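Worksheet: one structure, shown below.
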Amino acid sequence: MYINLIVGIIFIVLVVWIVKDFLKSLKSPARIMEDELSQRREKQEQVAANIERLRETGIKKLVPVRRAVEEMNAALPEGKQFVIENNRDNVVIVFEKAYVKITHRLTQFSLSGSEQDFDDDVVKHQRFVLERKDEHGDVVTSREADTEEEAIRLIAREIANVVEP
């Protein structure tokens, strides 16, 4: 008799549990819409966060390059020094009849990936782009560097090309 009572209680609990799961799986259209909107918001927030990380990474990666350019400028004689325009997204070296623009770019990155995915993309796909342009804004040369050190060497080469042609 006790066994039948225990089996009956277990059966009733299982039936209630199954019915409860079934009712949860039947979502109202309003609930489905709320779920869809929340998923979209989360995705948009992730994309916005990665775009902001991209901007911040570019700014951080240009800081040592900017310092190196300032040191190079200080090492030049008075008459051959150049003007440095310090923008957030790039560094521009302005000469008399030309200028060199240095930017940091990622050739590939995931908009919807996690922060770790983004950091991996920075390591694998970062580029420093150097463009020497004439006074009209036409590109004379364009070069890419994978590392800060390589970028600094290319910048020194471009400065030497302009200062002492």
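The values are calculated or read from the model by the stated rules, or taken from the named source; none is laboratory data. These numbers come from a predicted model, not from an experiment. As a convention, Cβ positions derive from the backbone with ideal geometry for all residues, glycine included, and neighbour counts pool all protein chains shown. These area figures cover heavy atoms from the full protein model, side chains too; ligands, DNA and RNA do not enter into them. Shrake-Rupley method; radii C 1.70, N 1.55, O 1.52, S 1.80 Å.
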Per residue, the convex hull enclosing the Cα atoms of the stretch 21-113 spans a volume in Å³ of 119 Å³
How large is the convex hull of the Cα atoms of the stretch 1-63 per residue, expressed in Å³ as a whole number? 96 Å³
Using a Gaussian network model of the chain whose springs link C-alpha atoms within less than 10 Å, name the residue from S142, S28, S38 with the highest mean-square fluctuation. S28
Pull out the extension gain between A74 and H125, defined as 0.36 nm times the separation in residues minus the alpha carbon to alpha carbon distance; nm, one decimal. 15.2 nm
Cα-centred dipole magnitude for the chain, charges only on beta-carbon of K, R (+1) and D, E (-1), debye, nearest 20: 620 debye
Can you work out the Karplus-derived ³J(HN,Hα) for every residue in the stretch 34-42? Use 6.51 cos²θ - 1.76 cosθ + 1.60 with θ = phi - 60°, whole Hz, and x for glycine or proline. 4, 4, 5, 5, 5, 5, 5, 4, 4
Can you list the HN-Hα couplings for the stretch 74-87, worked out from phi with the Karplus curve (6.51, -1.76, 1.60; θ = phi - 60°), rounded to whole Hz and with x for Gly and Pro? 5, 7, 7, x, 3, x, 10, 6, 10, 9, 10, 9, 9, 8
For helix 2-25, what angle does its Cα long axis make with the longest principal axis of the chain, in degrees from 0 to 90 and rounded to 10? 40 degrees
Determine the per residue accessible area of the chain with all protein chains present and a 1.4 angstrom probe, expressed in square angstrom. 71 Å²
In this structure, the FRET efficiency calculated for F22 and A48 from their beta-carbon separation, with R0 = 45 Å, to the nearest 0.05, is 0.75
Quick check on the chain: what does the Kirkwood estimate of hydrodynamic radius come out to from the alpha carbon pairs, in Å? 20.5 Å
Go through the stretch 125-139 residue by residue and turn each phi into a ³J(HN,Hα) via Karplus (6.51, -1.76, 1.60, θ = phi - 60°); whole Hz please, and just put x for glycine and proline. 10, 7, 9, 9, 10, 10, 10, 9, 10, 7, 5, 8, x, 7, 6
Suppose only helical runs count, i.e. DSSP H with n ≥ 4. What mean residue ellipticity at 222 nm does that imply for the chain under -39500 (n - 2.57) per run, divided by all residues and rounded to the nearest 500 deg cm²/dmol? -21000 deg cm²/dmol
